[in-house]
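What follows is a short report on a single structure.
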């Protein structure tokens with residue numbers, strides 16, 4: 001169920017194994033601000049695919065799409081992802097309390113952002 005302004009790109013290994021995807025979409029309320037997300041299969045966690053994919057996507061958005069800012073939201077308990085985003089230069093900007101209700105409990109999300117001049 002892809003939205004018209006949402007672009008999805010697959011992540012593959014050197015052996016052409018499909019391991020996940022990244023997406024980006026330009027925010028409708030602010031020009032040159034993009035939201036991103038990533039999903040990688042659990043069997044491939046811890047191998048640097050997430051960091052490489054996020055950095056590649058950010059490089060594309062800043063240099064080809066002329067993004068001013070890139071944003072994302074991550075569930076507060078997803079420490080592995082938060083650390084990955086920090087390594088890519090993202091900073092925490094706020095918390096959205098009880099954003100999702102999953103498996104019988106409410107979960108907070110952390111809003112993170114990155115400006116071009118902060119991109120590592």
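Results, tabulated for the structure shown:
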quantity: Spin-label model distance (nm) - residue 44 vs residue 91, 7 Å beyond Cα toward Cβ; calculated: 3.1 nm
quantity: Stretch gain in nm, segment residue 68-residue 6, where the contour uses 0.36 nm per residue and the Cα spacing is subtracted; calculated: 20.6 nm
quantity: Compactness index (Cα Rg / 2.2 N^0.38 Å), the stretch 4-51; calculated: 1.35
quantity: Among 23, 101, 49: highest mean-square fluctuation, GNM of the chain, C-alpha pairs under 10 Å; calculated: 101
quantity: Most mobile listed residue (46, 104, 37) in the chain, GNM with C-alpha springs under 10 Å; calculated: 104
quantity: Contact order relative to length of the stretch 6-118, as percent, for alpha carbon pairs under 8 angstrom and 6 or more apart; calculated: 20 percent
quantity: Residue with peak Gaussian network fluctuation, the chain [Cα springs, cutoff 10 Å], from 97, 86, 65; calculated: 97
quantity: Spin-label zone in the stretch 16-51 - amide nitrogen under 13 Å from a point set 7 Å from the Cα of residue 76 along the C-beta vector; calculated: none
quantity: Exposure proxy ranking, count of Cβ atoms within 10 Å, fewest first, for 62, 90; calculated: 62, 90
quantity: Residue-averaged 222 nm ellipticity for the chain, from DSSP H runs of 4+ at -39500 (n - 2.57), nearest 500; calculated: -6000 deg cm²/dmol
quantity: Beta bridge orientation in the stretch 8-115: antiparallel %, DSSP, nearest 5; calculated: 90 percent
quantity: Fewest-first ranking of 9, 72, using other Cβ atoms within 10 Å as the exposure measure; calculated: 9, 72
quantity: Values of log10 I(q)/I(0), in the order q = 0.11, 0.14, 0.23 Å⁻¹, for the chain under a Debye, Cα-only, solvent-free model; calculated: -0.38, -0.62, -1.48
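A short reminder: the numbers here are calculations on the coordinates, not readings from a lab. All of these numbers come straight from a predicted model, not from anything done at the bench. So basically every Cβ, Gly included, is an ideal-geometry build from the backbone, and we count neighbours across all protein chains shown.
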